[in-house]
Every structure is written in C-alpha cells, then in structure tokens.
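Here is the structure we will look at.
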Amino acid sequence: MNTRSRTIASFFSVAMAAMLFGAVVTSQIQRPMAAEARNPDPAASPAPVGPGGSITLDTFKEISRRQTAGVVNIGTKKVVRRGRGNEQGLQELFGDDFMERFFGPQGNGSGGGNETQRSLGSGIIIDKDGTILTNRHVIDGADEITVSVGRHDYVAKLLGKDARTDVALLKIEPKEPLTVLALGNSDETEVGEWVMAVGNPFGLGGNSVTVGVVSYKGRAIPLGVVRGTSVDMIQTDAAINPGNSGGPLLNTRGEVIGINTLIITRGVAASAGVGFAVPINVAKEILPQLRQRGKVIRGWLGVQIQPLSDDMARTYRMKDNKGALISDVTSDSPAEKAGLKADDVVVGVDGKAVEDNSDLSRYIASKSPGTTVHLRVLRGGAEQTIAVTLGTFPEETADADEGAGRRGQLGMTLRNLTPDMADRLELPRTSKGVVVTAVEAGEAAEEAGLARGDVIVSVNGSAIASVADFEREIDRARPDGVARLRVRRQAGDYSFLVLKLK
C-alpha cells in the first residue's frame, strides 16, 4: 500500500472512531429541550429531570429556577440583658454557640444595660396557607420574627418548636400565591446521591444554591438540651454557611429531603465541606403535634447511652456489639425508679432487638408518656427483663411551664441540674439545684441579681432538687412577697439574694 492509500485509510479510521465516540457520549448525556422562562408555579412541583431521576445538564438549573421561590429568608430580633464576661464559658452548655450555628447574633451598643440581638436564617414553605418549616435555633427566644418572601415582608407567628430535633413551625398570612416545596422521603436517600442546598448565606439577601453529594447518612448528632439524645443526620459536602440554617436540602427531583442545620468547622464559622441536615422524615413525624399542640410530647427513659464498640462488647463477653450501653442514669427518672443502672447493656425492648443507642432512643421517643416498656438488659453476664413506665421528655415539661407564664412572673427560665450540667459547671455530679438558663431584662429575677448560669440551691432555707421543688417553695413564700435564695455563682462562690414575688 502506497503512502497516499495509507493516509486515506487512516483518515477514515479516525472518522469512524469519532462517530462511535459521539454515539456513546450522546447516549449517556441527554439534554432536555429548552424551557420557556416563566413565573414559578404556586403549587408544589418537583423540577423535571431525566428518566428515572438521572441527572441532565439542566437538572440543577431547573431546580434553582423552580424551587428557590419556596425558600424564605428569616430575620429575628430579641432584646436581652448584656451578658457578663464570665458567662462566655457557658455558651456551649446552654446552646448559644452550638457547633457554629448559622445565625451569629449581632449585638449593638456597648457597656451595660440591654441590647438588641438580630439573627438570620432560612425557611421552607410547606403549605400554600403560609406554613413554614425551619430550625428551632433560628427563632428560639425571639421577640419578633420576620419572614421575607420575594418583595414582601411578613411578621410570622410561631406555631411550635421542638428542641430534640431542632425543628420549628411558623405561619404567615400571605398576600400572594406561594411556591410550595414538596417533602420527599429521606429514608430513600443514598450516600453519593447529588443534592442541592438553598438558603441565605451571611445575610446577603435572596437565595443562593450550592451543589454536592450526600457524604454520609445516619450521623448521630445531639441537637437538644437533654444530653444522651441525638438525631441521625444527613451529612453533605454541599456548602452550608451562616444564614443557611432552616433552608432545604433538595434531591435531584427538587424534593426536600432535609433541613440544613449545622456545620462542623475549625476556626471561622464557614463551610468546610462537612454540613448536616435534619432528615425530612424526622420533621414529618412531628408536624401534626407542632400544628396542634405547639410542642412534641415524647416518652422519656432518663438514661445516657452510648454505642458498643467491638472491644467494649468483648468486655461484656457479648457475641456482637449490638445494644445500647447505659453510661449514666438520671436522678429521680423513670429509669432510676425501675432499677436500671449504669453499666447495664440494653439488648432488647418489647421483644425487639436493639441494634445501637440510636435505635433505642428512637423507639422510646416514639412512645407516649405513661407507656410501660420492657427492656431486656444484660447485667453481670446474665440477662433480665425490667419494666419501665416512661415519663415525659424533660424539655417539653420545661417549655410547658414557660407557656404557662412562669417567665412573665419571675423573668427567668430554669432547668433541673443534671449530672452532665454539674460536670460542665465543675460541680460534683451529685449536686442538687436548678440552673438559671435565661434572665429577662427588667423582671424580678434580674432585679434580684440573678444571671444565666447561676445555680439556685435553696429557697428560704429549704433545699431544692428540681424545678418543681423551686416552684413549691416560691408558692409558700408568696404571702410574704419575697423569697430568700441561696445561689451558687459562676465564679464558684455562694451568695444570698432576695427575689421579689410579683
């Protein structure tokens, strides 16, 4: 074959290879027909994607165009007493700076007196009547909640909140049709699946979108005020930044599969590629109670539990690491009354095997207070069954007291001093009392000199071990109009204060 013939043959070979390669590429990437620009549909409508939910070149563009109108910007305002310097060490204990939460309070003014704190977050429109889903920490303690939808601003009403899952429900009275986002099924979400996070980062205004994948599913992270409880979160590398809290994590069908909640970072509070969202199925389970009651009533066992590692399981001579290890039992809890002890391993409940600590927590939380559950416990190498009648999850009790007007009477919020709180406050774990977790400006508690982080140990000489004890002694003192409090201050010393009873 001469040189000219070889050149022609080579040309046709290259052309044939290019045609085959083009056929393969076009069979893998399907570009949908161009869509006309139009206003978002007020009804919930998942964004169109390729067959079977596969990703096309326009998938995320279509989700952005259709779904971002269903994400709102939330602003809050509250007037608080300017904190003392030694309160900073208690921020982690009482949740003001938990895991670089995304709304960084902005105080104005300087020196003593009151200050106005403002925070920013996002929310998800889930009903055309103006119902909005967000994070509890975005709106918690706010005196005023403002929701921005497009060009309109609304004052929002708080319908309900739940500390254990960090979920809150708001309501506005819309003046225009709303874009409602469809709630998906987070149980079907898989690691490696493409997702989009939507929100208002750094309060820049409008909605920004970021894209990533689900990098882990079922990451157990505590969100509530009671330690030993956690939520199995969706982890994503889609960038989540301050201001994104409460916004949606969307799948490629444009459905909400999670509520963007927190980030883990070192140093500056900005995305480091490790963000977490509350699975939407967790929120859907409690929505009816939030609508009807404004809170979630759950069963409570009163134990701190942890998973079993392989090595830990071997110390109990267990065949596998299935079960929940009780590391602490709360004083005067249903667990203590039933005889549960630290070092017990719960391997079953109501005839079902317990896989790990999250499994047990979910089961107990699904039961109503007053329900009796039967725990199969490994103790001293032998199994036994212990019946426990569940109490009410503590945070709901505390919230109910607030709702009854206790704050309005005395101007403070109290929590029982738990062993975990005692550890944080560098007190013996057996210490008794109630912890002041919030003080309202201009109210009786502030006038008495109480501050957040104080531990009240007695009222008029009577020792107190719980909020119920405190309230009982205060009621006894009401005819006198004043009560004498013995208080353990944050610096470690004790003082007597006089609380005027209004």
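The values are calculated or read from the model by the stated rules, or taken from the named source; none is laboratory data. It should be emphasised that the depicted structure is a prediction, and the values quoted were computed from it without experimental measurement. Counting neighbours? That spans all protein chains shown, and the Cβs are built from the backbone with ideal geometry, glycine included. Keep in mind that these areas ignore ligands, DNA and RNA; they rest on the heavy atoms of the full protein, side chains included. Shrake-Rupley method; radii C 1.70, N 1.55, O 1.52, S 1.80 Å.
Points to keep in mind about this one:
- Of the strands (runs of 3 or more DSSP E) entirely within region 151-269, those holding at least 3 residues that are open to solvent by less than 50 Å² (accessible area, probe 1.4 Å) and closer than 15 Å to Val71 by Cβ occupy 194-199, 248-250, 256-263.
- Filtered residue count, region 452-466, keeping only those that are modelled with pLDDT under 90, surrounded by 19 or more Cβ atoms within 10 Å (Cβ to Cβ) and touching a helix residue (DSSP H, G or I) at 6+ places or on another chain (Cβ under 7 Å): 2
- Look at (1) touching a residue at least 12 places away in the same chain (Cβ under 8 Å); (2) more than 15 Å from Val377 (Cβ to Cβ); (3) not in a helix (DSSP H, G or I) and you find that Met312 fails only one, number (3).
- Residues in region 332-347 that are open to solvent by less than 50 Å² (accessible area, probe 1.4 Å), touching a residue at least 40 places away in the same chain (Cβ under 8 Å) and of a type outside the set (A, V, I, L, M): Ser333, Pro334, Gly339.
- Between Glu336, Glu355, the distinction of being farther than 28 Å from Arg415 by Cα, of a type outside the set (A, V, I, L, M, F, W, C) and in contact with a Gly (Cβ under 9 Å, 6 or more places away or on another chain) belongs to Glu355 only.
- Qualifying positions in region 184-199 - within 18 Å of the chain's Cα centre (by Cα) and closer than 22 Å to Val149 by Cβ: Ala197, Val198, Gly199
- Number of positions in region 413-435 that are open to solvent by 30 Å² or more (accessible area, probe 1.4 Å) and not in a loop (DSSP other than H, G, I, E, B): 4
- Qualifying positions in region 343-366 - at pLDDT below 90, more than 9 Å from Gly323 (Cβ to Cβ) and either touching a His at 6+ places or on another chain (Cβ under 7 Å) or not in a helix (DSSP H, G or I) (or both): Ser366
- Cross-chain or 6+ apart pairs with Cβ under 9 Å, region 435-453 first and on the phi > 0 side of the Ramachandran plot, then aliphatic (A, V, I, L, M) and open to solvent by less than 20 Å² (accessible area, probe 1.4 Å): Gly449/Val487; Gly453/Leu90; Gly453/Leu425; Gly453/Val435; Gly453/Val436
- If only residues of region 401-412 that are part of a helix (DSSP H, G or I) and not charged (D, E, K, R) are counted, the one that is modelled with the highest pLDDT is Leu410.
- Considering residues of region 278-331 that are under 19 Å from Ala353 (Cβ atoms) and of a type in the set (Val, Ile, Thr) only, the residue least open to solvent (accessible area, probe 1.4 Å): Ile326
- Arg317 vs. criteria touching a residue at least 12 places away in the same chain (Cβ under 8 Å), in a strand (DSSP E or B) and charged (D, E, K, R): no
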